[in-house]
Amino acid sequence: MINGIGASPGIAIGKSFVLPNWEWEMTDQKIDVADLAREFDRLYEGIRTSKFEIEQMKDELREVVGPAETTIFDAHLAILDDPAFMNEIQGMIQRQYKAAEVAVKEAIDHFVAMFDLLDDEYMKERALDIKDVGNRLLKHLLGAPEITLPSDTQPFILVAKELSPSQLAHLNPQHVLGIVTLSGSTTSHSAIMARALGIPLVVGLDIDEMQDDPFQTGEMLVIDGSEGIVILDPSVDEVKHYSELQKQEREDRQRLRGFANVQPVTPDGKKLELAANISSMKELEVALSSGAHGVGLFRTEFLYMDRQRFPREDEQFDVYRSVAERLDGKPLIIRTLDVGGDKQLDYFDLPEEDNPFLGYRAIRISLDRTDLFKTQLRAIVRASHYGQVKIMYPLISSVEEVRAANRLLKEVMQELRAEGLPFDEGLQTGIMIELPAAVQIADLLAEEVDFFSIGTNDLVQFTLAVDRMNEQISYMYDPFHPAILRMLRMTVEAAKSKGIKVGVCGEMASDLCALPIWLALDVDELSMSGHAILELKERLLRTCQQESQELFAELLRCRTSVDIHDKLKAYDASIQ
C-alpha cells in the first residue's frame, strides 16, 4: 500500500497505463544570423498553432465540466502572451542565436526552476502550467506527435509523474477508471478538473524509499481517491474488499436519489433549508435534481474569468435572469464579485502583494472600482424582477463597507426607476461572515442587512491564522477548534437577536459531523455542492435538534479540539 493525498473521491480497480513524461532533452543548437527570420517565423507559427489547440480543448470541455473549470485554459493562453516569458525566448533567439526549440526549452526550465524555489504551493502549481504550455509549443517546433493513450476501449487507471490540464483534457472519462500522479496537490488544476469529471484521483505519493519508476503499464491497481491510498498488485482479498466498497458506493448513490423530493425536517420538527453553491447552469441542474431549496451562493467570478475583458451589464443580466427563471421562485443569493487572493483575472492588472489574501480583493475592489461594481449591481437588480433574487457582499469587515455598498445599490435602483426598468423593490441584501472582525461586530452588522451567510473556509483560516494550502501547517486547519465553535455561536446569536436569517455556505455546511452544530444553533439554511445535498438530507432526517442542543452544550465545555472531535464522532456513530 502506498499513501498519497486523496484529491478526487471514489474507488477505481483496474490495470494501469503509465503515461510517459511529455518532455524533451536537446543539445544547444546555434543558428546563423541569416536564419533569424526563419526561427522567428517558426516560433510564431508554433504559438498560433498552440493557441488554436488550447481554444479547441476549452470549447470541447465547456459542456462537460462547465465554464468555471475551463478558465484553466485562459491561464494557458495568457502564458503564450506573457511578455516576460516571450521576451526571454525572443532574446535567446536574437542575441544568443539559439534555435527556437532550444530557446523555448531553456525558458521553460528557467521559469519552472524559479517558481519551484518559492515556498508557495499555488505558485508551484503554476510552474506546471508553464511546463504544459511550453511543452505544447515545443511539440510543434519539433514536429513531435501527441503521446497517445490506449486505442482500445478497455478502461484503465492512468499513472503519471504529473498530469497537466492539457493531457487531462484529452481523456475520455468513460475509459479512465482513475488517475494516480506521483506529484501534485488537491489545489492543482488537474485535481479541479478530475473532480469536475468525477474521476477518482490520488496525488503526491509517498515514494521516497521506492525506485524512480514504481509503476509499469499493465499492472493491477486499486486506488481510493477519498483516503489517498494506492495498492500495487492487490491480493484477491483486497480486490474483493474494494469491489464491495465500490458496489456500496453505487448503491448508496442510487438510494440517495430517493430523498430528492423529501422535505428536510428532523424527527422533532426542525426544518433546515438545503441550498446549493453554484458557478454555472450545469451545477444548478445537479442541485435541482437533488432537491435543492434554492441557491445559497452563486459565485459570479466565472462570468469574469471566462473571457478577455470585463462582462457587460447585459451579459451578466442574461445569466442572472436565466438562473432566477430556472429556479422558478426558489431563492437565489448572488454573491458580488470575489476576486483577488488566488483568483486572478488575466485582463485586470491587480497589484502584486506580499499577502494577497489579506489585500486588495472582494468587496475592497468593488468599493474602489465603483464603475465595475455598479455594472454588476444593475445586472443583479434587473434580474430580481424574474425571481427571488438576493445580493450578498463578500469579505465584509466593517459597518462602513456595508453602508457604502448599499448606497451604491440605492443609486442603481434610482437609475433603473428613472429608466423605467422593473425590479424587486424589496430586494434583500446580506453579507458573508468570514472574518473575525465581522463576528465581533455581528450585532452591529445585523442591523444593516437582511441575512448572514457564514463562510466557514475563510473564517477558520483567518481565526486560526492557518493557510490550509501550506502543507507544513495544514493539519492546524481545524473547523472544530473551540474558538471556531464560539465564533459560530456568537454570529448566529447576533443574527437571531436582530431577527435576521443566517445560513452557512462553507465546507462545514456539508460536513455530516457538523450537522448537530447547525441544528443546535438553529441556523436557517445550509448551502453546499449539489452532489452533497442528498447525503446530508438523509442524515438530517434522523438527527434530532434537541439531542444536538444537548451535544453542543457539551462541546462548548471541551477544552481541546480532540475532545470535540471525539464527541462528534461518537454521536455520528450512534445515529448511523
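MET528 fulfils the conditions (1) in contact with a His (Cβ under 6 Å, 6 or more places away or on another chain); (2) within 28 Å of GLY294 (Cα to Cα) except for a single criterion, (1).
If only residues of the range 98-137 that are under 17 Å from HIS76 (Cα atoms) and of a type in the set (Gly, Ala, Ser) are counted, the one that is modelled with the lowest pLDDT is ALA127. Return yes when MET490 is assigned by TED's automatic domain parsing to the domain that holds SER561, at pLDDT 95 or above and of a type in the set (A, V, I, L, M) and no when it is not. When the stated conditions are applied, MET490 passes them. Identify, please: which residue in the range 147-172 is small (Gly, Ala, Ser) and more than 24 Å from GLN246 (Cα to Cα) and is, among those, modelled with the lowest pLDDT? Within the range 147-172, the match that is modelled with the lowest pLDDT is SER151.
Mind listing whichever residues of the range 518-534 are part of a helix (DSSP H, G or I), over 25 Å from the mean Cα position of the chain (by Cα) and in contact (Cβ under 8 Å) with a residue 40 or more places away in the chain? Result: LEU519, single match. If you go through the range 422-440 and pick out every residue that is out of contact with any Leu (no Cβ under 9 Å at 6 or more places or on another chain) and under 17 Å from ALA404 (Cα atoms), you end up with 2. None of LYS537, LYS569 is within 18 Å of HIS481 (Cα to Cα), of a type in the set (D, E, K, R) and in contact (Cβ under 8 Å) with a residue 40 or more places away in the chain except LYS569. When VAL466 is tested against the conditions (1) over 20 Å from the mean Cα position of the chain (by Cα); (2) surrounded by fewer than 18 Cβ atoms within 10 Å (Cβ to Cβ), the lone failure is (1). Within the range 339-349, does at least one residue satisfy the condition of being of a type in the set (A, V, I, L, M, F, W, C) and part of a strand (DSSP E or B)? Within the range 339-349, not a single residue is of a type in the set (A, V, I, L, M, F, W, C) and part of a strand (DSSP E or B). Pairing each residue of the range 408-432 that is assigned by TED's automatic domain parsing to the domain that holds GLU525 and modelled with pLDDT of 95 or more with any residue that is of a type outside the set (D, E, K, R) and exposed (fewer than 14 other Cβ atoms within 10 Å of the Cβ), provided the two are 6+ apart or on different chains, yields no C-beta distance under 6 Å. Residues of the range 455-466 include at least one that is in contact (Cβ under 8 Å) with a residue 24 or more places away in the chain and more than 23 Å from ASP563 (Cα to Cα). When the test is whether a residue is in the same structural domain as HIS293 (by TED's automatic domain parsing), among the aromatic types (Phe, Trp, Tyr), at negative phi and in contact with a strand residue (DSSP E or B) (Cβ under 8 Å, 6 or more places away or on another chain), TYR386 does not pass it.
For the residues ALA418, ALA465, the requirement of being out of contact with any Ser or Thr (no Cβ under 7 Å at 6 or more places or on another chain) and on the phi > 0 side of the Ramachandran plot singles out ALA465.
Among the residues of the range 531-553, are any in the same structural domain as ASN277 (by TED's automatic domain parsing), closer than 15 Å to ILE454 by Cα and β-branched (Val, Ile, Thr)? Checked the range 531-553: no residue is in the same structural domain as ASN277 (by TED's automatic domain parsing), closer than 15 Å to ILE454 by Cα and β-branched (Val, Ile, Thr). The listed residues are PHE310, PHE317, PHE298, and the only one of them that is touching a Ser or Thr at 6+ places or on another chain (Cβ under 9 Å) and either assigned to a helix (DSSP H, G or I) or under 22 Å from GLU448 (Cα atoms) (or both) turns out to be PHE298. Considering the range 378-428, and only residues there that are of a type in the set (Ser, Thr, Tyr) and buried (at least 17 other Cβ atoms within 10 Å of the Cβ), the residue that is nearest to the chain's Cα centre (by Cα) turns out to be TYR393. In a residue-by-residue description of the range 276-295, the property of being closer than 20 Å to ASN3 by Cα and either of a type outside the set (Phe, Trp, Tyr) or in a helix (DSSP H, G or I) (or both) applies to no position. Within the range 224-268, the only residue that satisfies the criterion of being surrounded by 14 or more Cβ atoms within 10 Å (Cβ to Cβ), small (Gly, Ala, Ser) and closer than 30 Å to GLN546 by Cα is ALA260.
If the condition is being out of contact with any His (no Cβ under 7 Å at 6 or more places or on another chain) and closer than 17 Å to ARG489 by Cβ, then the range 445-467 contributes LEU445, ALA446, PHE452, SER453, ILE454, GLY455, THR456, LEU459, VAL460, THR463. In the range 173-181, the count of residues that are among the hydroxyl-bearing types (Ser, Thr, Tyr), outside the structural domain of ILE79 (by TED's automatic domain parsing) and modelled with pLDDT under 70 is zero. The set of residues in the range 547-562 being part of a helix (DSSP H, G or I) and out of contact with any Lys or Arg (no Cβ under 9 Å at 6 or more places or on another chain) consists of GLU547, GLN549, GLU550, ALA553, ARG557, SER561, VAL562.
The values are calculated or read from the model by the stated rules, or taken from the named source; none is laboratory data. These figures come from a predicted structure and were not determined experimentally. Because the Cβ atoms are built from the backbone with ideal geometry, glycine has one as well, and the counts that use them run over all protein chains shown.
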